[in-house]
Amino acid sequence: MRIALVHDFSGASVPGGENDAVRDQAAALTRAGHAVRLVTGGAGAPRELRAFAPDVVHVHQLSPAADRARAAAWPGPLVVTLHRHRPPRRDPLLRRADRAVVLSEPSRDGWLAAGMPPERLALIPDHVPPVPDPGPAQRTAWVCVGRLAVERGVLDLLRRWPARRRLDVVGTGPLERECRAAAPPSVRFLGVGGRDALRRSLTGYLGLVFPSRWHEGAVPLVYLEALAAGLPVLAFEGSALPRAVRAEGTGTVTAPDAPLPAALAAADRVFPTLREHCRAVHAKRYGEAAWVERAERLYAAVRAEHRSAEHRSGERR
C-alpha cells in the first residue's frame, strides 16, 4: 500500500512528541512493507501528493487553515488524526475526512459528546519501540519528564516534593527559574537530551511522576515510553492519563493536593511488582505490531469504501 503521512513538523504549535509519533508511524509502516512518504504542509503539498499517488492520505497536525483546506481537497481515501482534545469549528479537513483517529478514550468521549458520529471515529493509540530490560537493580530515584510550564504542574510538584526523596527533572521551559528555586536539594535538573538516551535511562528509575493537568487528546508519549521501559507511573488527577493508569494497572493515581509522602510511600511498595506488567501492557496496546495492525485495518476499510462509492457512481452513469 502507498501511504502519505502529512504533518507540519516545523509548526510552532506542534509539540515534539507529535513529531516523534509521526516518524515512528512512518518507520513502522515501512518495516511492514508499505511505501511511505512524509509530506509537510504548504502550497506544494498537493503537487507532492499527486506525484506520489498514495492509496491513503493520513493527515496529522496542520496548523494554517489554508494547509488544512488544501489537504481536504484530496479526492482519495483520507484519514485525519485528532491530536487535540477539543474539536475545532468549521474545519474543512475534519468534514471531508473518511475517518478521524483519536488517540485515547477521553479524547473519543469528548468528540462523541461534541456530536461526532461514532462510525467516523477510530481509536488507535500511538506506539513506541520497546526498551531492553537491564535486569534487577536498586532503584530509588523518581523521574519527571515534561515542559516546565504552568499546565504541566511541575512547579506545584516541586514546591511539595519531600526533601529526602530523589527526583530527576527532564525538560526545560518558561518556569525553569521558578522550578529551580522551589526544588529541594534532592532534585536534579537534567535539561533536554536525545530521545534515545532518555528512553534508556528510564529503566533506572523507581517510577515516573506525571503531575500534568493538561487535557491533551493523546495519552502522553512519555507514558508509552515509560511502559516500554517497564516503569510504573504516579499520575495526578486532572489530565487524561489517570484513566489509562487505572484501566491498565500501570501505577497509582493521586489528587493534586493529597499528601505527597503518603503517595510515594504507597508507590514504593507496589511499583517494583509492576515492571513486567508495564512491559506487557506496552507490547499488547502500545507496541509497533499492535499499531500497524490497527492502521492497516483502518486504511483497508476507507479504501474499500472509496472503491464501492466509485463503483456505484459508475453504475449510475
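Any read-out appearing in this document is the output of simple, stated calculations on the displayed coordinates, not a laboratory observation. Because the structure is a prediction, the values reported are computed rather than measured. All Cβ positions, glycine included, derive from the backbone under ideal geometry; neighbour counts span all protein chains shown.
A few remarks follow.
- Student exercise, the stretch 184-317 dipole from Lys, Arg, Asp, Glu Cβ charges, in Debye to nearest 20: 320
- Extension gain for the segment A289 to A51, taken as residue separation times 0.36 nm less the Cα-Cα distance, is 82.7 nm to one decimal.
- Percent of C-alpha pairs per 10 Å bin in the stretch 238-304, short distances first: 17, 34, 26, 14, 7, 1.
- Pairwise Cα inverse-distance average, inverted: Kirkwood Rh of the stretch 160-317 (Å): 18.1
- Centre separation in Å (Cα based) which lies between the stretch 109-153 and the stretch 1-77: 22
- Along the stretch 19-33 the Karplus relation, 6.51 cos²θ - 1.76 cosθ + 1.60 evaluated at θ = phi - 60°, assigns HN-Hα couplings of 4, 4, 4, 5, 5, 4, 5, 4, 5, 5, 5, 5, 5, 7, x Hz to successive residues, with x for each Gly and Pro.
- Dipole magnitude of the stretch 93-135 about its Cα centre (Cβ charges: Lys, Arg +1; Asp, Glu -1), debye to nearest 20: 340
- In this structure the amide hydrogen of V101, modeled in the peptide plane, comes within under 5 Å of the amide hydrogens of V80, T81, L82, A122, none closer than 5 places in sequence on its chain.
- The convex hull defined by the C-alpha atoms of the chain has an orientation-averaged projected area of 17.3 nm².
- Two-decimal ratio, the stretch 1-138, of alpha-carbon radius of gyration to 2.2 N^0.38 Å: 1.12
- Coupling constants for the stretch 102-114 follow from the phi torsions by the Karplus curve (6.51 cos²θ - 1.76 cosθ + 1.60, θ = phi - 60°), and in residue order they are 10, 9, 7, 5, x, 5, 4, 4, x, 5, 5, 5, 7 Hz; glycine and proline get x.
- Length gained on full extension, D268 to L123: 48.9 nm, using 0.36 nm per residue less the C-alpha separation.
- Multiplying the residue separation of F9 and R31 by 0.36 nm and removing their Cα-Cα distance gives an extension gain of 5.8 nm.
- Counting charges near G207 (Lys, Arg +1; Asp, Glu -1) among other residues having Cβ under 12 Å from its Cβ returns a value of +3.
- Using a simple spin-label model with pseudo-atoms 7 Å out from Cα toward Cβ, M1 and D109 lie 3.0 nm apart.
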